[in-house]
Amino acid sequence: MEVNETKKLENLKNIIEKYFNNSKSESKSEFYTAQIKVNYYELGCVITNMLKMCILALENEGHIMSSTNKNPVNVSLILEMVLEMFPANEFDMLAEINEMVFGYSQLVEK
């Protein structure tokens with residue numbers, strides 16, 4: 001294997017270790033953290049369907065309490081859950097891998 005390829009693999013290993021550290025620290029908080037064990041494809045489907053549900057609720061005024069709709073959809077709560085589920089760290093990792101492999105970074109404003 002070429003020295004350059006070996007270096008790339010070494011860098012890839014370092015990036016993966018940085019983002020996929022499995023040691024979980026015990027956090028004492030007033031909040032409960034639910035863990036959902038799904039692969040990335042399933043997670044993408046769940047997030048997509050939750051966003052579609054929010055769109056439908058907003059378009060059909062399902063978020064508004066009325067005499068016929070006693071239990072409206074709490075769209076902001078659903079969107080907060082989607083935001084928590086979104087795998088931002090993994091996207092950061094993919095950006096770093098892309099930069100390492102292809103030698104350039106995507107122009108993204110943060």
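The values are calculated or read from the model by the stated rules, or taken from the named source; none is laboratory data. Quick caveat, the model's predicted, so the values are computed rather than measured. Here the Cβ positions follow ideal geometry from the backbone for every residue, glycine too, while neighbour counts run over all protein chains shown.
Pairing each residue of region 18-39 that is of a type in the set (D, E, K, R) with any residue that is modelled with pLDDT of 70 or more, provided the two are 6+ apart or on different chains, yields C-beta distances under 8 Å for 18/93.
Can you go through 96, 80, 61 and tell me which one is on the phi < 0 side of the Ramachandran plot and modelled with pLDDT under 90? Checking each option against the conditions leaves just 96.
Answer with yes or no whether residue 70 is more than 23 Å from the chain's Cα centre (by Cα) and of a type in the set (D, E, K, R). The answer is yes for residue 70. Taking only pairs six or more apart or across chains, which ones have beta-carbon atoms under 6 Å, a first residue in region 70-94 that is within 16 Å of residue 46 (Cβ to Cβ) and in contact (Cβ under 8 Å) with a residue 40 or more places away in the chain, and a second residue that is surrounded by 11 or more Cβ atoms within 10 Å (Cβ to Cβ) and not charged (D, E, K, R)? Hits for this filter: 85/47. Is there a residue being surrounded by fewer than 11 Cβ atoms within 10 Å (Cβ to Cβ), touching a helix residue (DSSP H, G or I) at 6+ places or on another chain (Cβ under 9 Å) and among the aromatic types (Phe, Trp, Tyr) anywhere in region 32-47? Looking for residues that are surrounded by fewer than 11 Cβ atoms within 10 Å (Cβ to Cβ), touching a helix residue (DSSP H, G or I) at 6+ places or on another chain (Cβ under 9 Å) and among the aromatic types (Phe, Trp, Tyr), one finds at least one in region 32-47, hence yes.
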